[in-house]
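A short worksheet on the structure shown next.
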Amino acid sequence: MAPRQKPVEDIREPVPPANSAEKWTNPEYRLQRAEYEMSRTYFGGEAFPYFDSHIGPGNLATFIGSEPEFAEDTVWFKPCIIAPEAHPALCFDPSNRYFRDQMAIISKGVSQAAGRYLVGVPDLIENIDILVSLRGMENLLSDMIDRPEWVESMVAEINKVWFEVFDIIREKVADPWGGNTWSGFRIWSPGRTAKLQCDASAAFSPAMFHRFVVPALIEQCQRLDRSLYHLDGTQCICHLDALLSIPELTAIEWTPQAGRPGGGNPVWYDLYRRILRAGKCVQAIDVLPSEVIPLIDAVGPKGLFIMTRTESEEEARRLESRIHSY
């Protein structure tokens, strides 16, 4: 993507609401902001415009008990499970106020898009990462040792809620090609499509990953047509073999943590080759324009999805012309 030389439409930049909660939940402002930014963005290669509908990454937690804490650039979710054994089963109620807020934003996006852009499924997030929001990280790590059966039952309940919510939202945003896009990592495919993750796995062992995370991931992948796993940071690479062993998982995205080279750096070439050899696709993000061609030359173009951003539309078009031969 790149800044457009000339906006597609003359849309005035909206004035942000006075408080962060309104900024995140006001459908009118969210759509005005999105259309203003899309009108000024050049979408080259496989890039496409879509409305990112999420109210913070992982807002599935607010549909089952967590209260949100709105910040300028993100949303945090407050733990709500104090006494694990006494906490009621996790059930989804479509009348939940935060789910209604989410659906109001999605509905506004669908009605206003009118075929000009897609509307994404929000970045719901799942399994242990949602349980972290509900319980707190330190408490949950202790729970995985002290009450592992309880953790397994909670992950199963979260998975059930995830499917309920995903099905409702996907029906609302499904496009004319029978697919959907996802509000995160700019992916689209025909059929049921989602990004999956477990960022908390940076803090526990491969054995725990196999026990608490893999069963839920397998269930998700089997009920999806296309799935992309967000592998976040070098501390999570120890779980890569487990991910590559899931036949139905389509692709793996790699996010180097802060302070490490970006996704196009040669230090990650072997990681990409390893994923590709296992029959999975790769998404490389934060790739500099100058790194695109060397990356393709090093690992091959098949199964490789690159995200890059240039400083100008002219530079983006030059890069597009260079990759046609691949």
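What follows draws every value from the coordinates through simple rules; no lab data is involved. This is a predicted model, so every value here is computed, not measured. Positions of Cβ are generated from backbone atoms using ideal geometry, with glycine treated the same way; all protein chains shown enter the neighbour counts.
Compute the distance in nm between two label points, each set 7 Å from the Cα along the Cα-to-Cβ direction, one at A114 and one at K160.
4.3
Would you mind checking which residues have amide H under 5 Å from G179's amide H? H placed 1.01 Å from N; only 5 or more apart, or other chain.
Long-range HN contacts for G179: G191.
In whole angstrom, note down how far apart the Cα centers of the stretch 48-115 and the stretch 200-219 are.
If we compute the Cα centre of each part, the gap is 24 Å.
Using DSSP to define loop residues, name the trypsin sites (Lys or Arg not before Pro) in the stretch 265-326 whose beta-carbon has at most 11 other beta-carbon atoms within 10 Å. Kindly include the intermediate steps, with their values, before the conclusion.
Details: sites: R273, R274, R277, K280, K302, R309, R317, R318, R322; in loops: K280, K302, R309.
Listed in order of number, the matching sites are K302.
Obtain the nm distance between the two label points defined at F48 and T74 by a simple spin-label model: each point lies 7 Å from its Cα along the Cα-to-C-beta direction.
With each label point 7 Å from Cα toward Cβ, the separation is 2.9 nm.
Test of the criteria: in the stretch 1-39, which GluC sites (Glu not before Pro) are in a DSSP loop and have at most 16 other Cβ atoms within 10 angstrom of their Cβ? Intermediate values should be presented prior to the final figure.
Numbers: sites: E9, E22, E28, E35, E37; in loops: E9.
Counting only loop positions with at most 16 other Cβ atoms within 10 Å, the GluC sites (Glu not before Pro) in the stretch 1-39 are E9.
Which far-off residues, 5 or more places away or on another chain, put their amide H under 5 Å from the one on K195, with H placed in the peptide plane?
For K195, the qualifying residues are L228.
Only helical DSSP H runs with n ≥ 4 go in: add -39500 (n - 2.57) per run for the chain, normalise by residue count and round the 222 nm mean residue ellipticity to 500 deg cm²/dmol. Don't skip to the answer; put the middle values down first.
Working: 12 runs with 134 residues, N = 326.
Roughly -12500 deg cm²/dmol at 222 nm, from the helical runs in the chain.
Show me, for the stretch 278-293, the HN-Hα J-couplings you get by feeding each phi into the Karplus relation (A = 6.51, B = -1.76, C = 1.60, θ = phi - 60°), rounded to Hz, glycine and proline as x.
Result, ordered by residue: 7, x, 9, 7, 10, 10, 9, 10, 6, 8, 5, x, 5, 8, 4, 5 Hz.
How high is the FRET efficiency from T234 to A207, r the C-beta distance, R0 22 Å, rounded to 0.05?
Details: r = 19 Å, r/R0 = 0.86.
With R0 = 22 Å, the Cβ-Cβ based efficiency is 0.70.
Of P261, A194, S39, which is farthest towards the positive pole of the chain's charge dipole, taken about the Cα centre with +1 and -1 on the beta-carbons of Lys, Arg and Asp, Glu respectively?
S39
Rounded to whole Hz and in sequence order, give me ³J(HN,Hα) for the stretch 203-208 from the Karplus expression 6.51 cos²θ - 1.76 cosθ + 1.60, θ = phi - 60°, writing x for Gly and Pro.
9, 9, 7, x, 5, 5
Could you give me the ³J(HN,Hα) list for the stretch 4-16, computed from phi with Karplus coefficients 6.51, -1.76, 1.60 and θ = phi - 60°, whole Hz, x at Gly and Pro?
6, 5, 9, x, 5, 10, 8, 10, 6, 5, x, 7, x
With each pseudo-label sitting 7 Å past Cα toward Cβ, what's the E248-A89 distance in nm, one decimal?
2.2
Under 21 Å between alpha carbons: how many lysine pairs meet that in the stretch 2-255, if sequence neighbours fewer than 8 apart on the same chain are excluded? Write down the numbers at each step before the final one.
Working: K23/K78; K23/K108; K108/K172; K160/K172; K160/K195; K172/K195.
Value for the stretch 2-255: 6.
List the residues, sorted by chain then number, that are 5 or more residues from L288 or on another chain and whose placed amide H is less than 5 Å from its amide H.
Long-range HN contacts for L288: G264.
Can you work out the FRET efficiency for the pair M137 and R40, with r the C-beta to C-beta distance and R0 = 25 Å, to the nearest 0.05?
Working: r = 38 Å, r/R0 = 1.53.
FRET efficiency, M137 to R40: 0.05.
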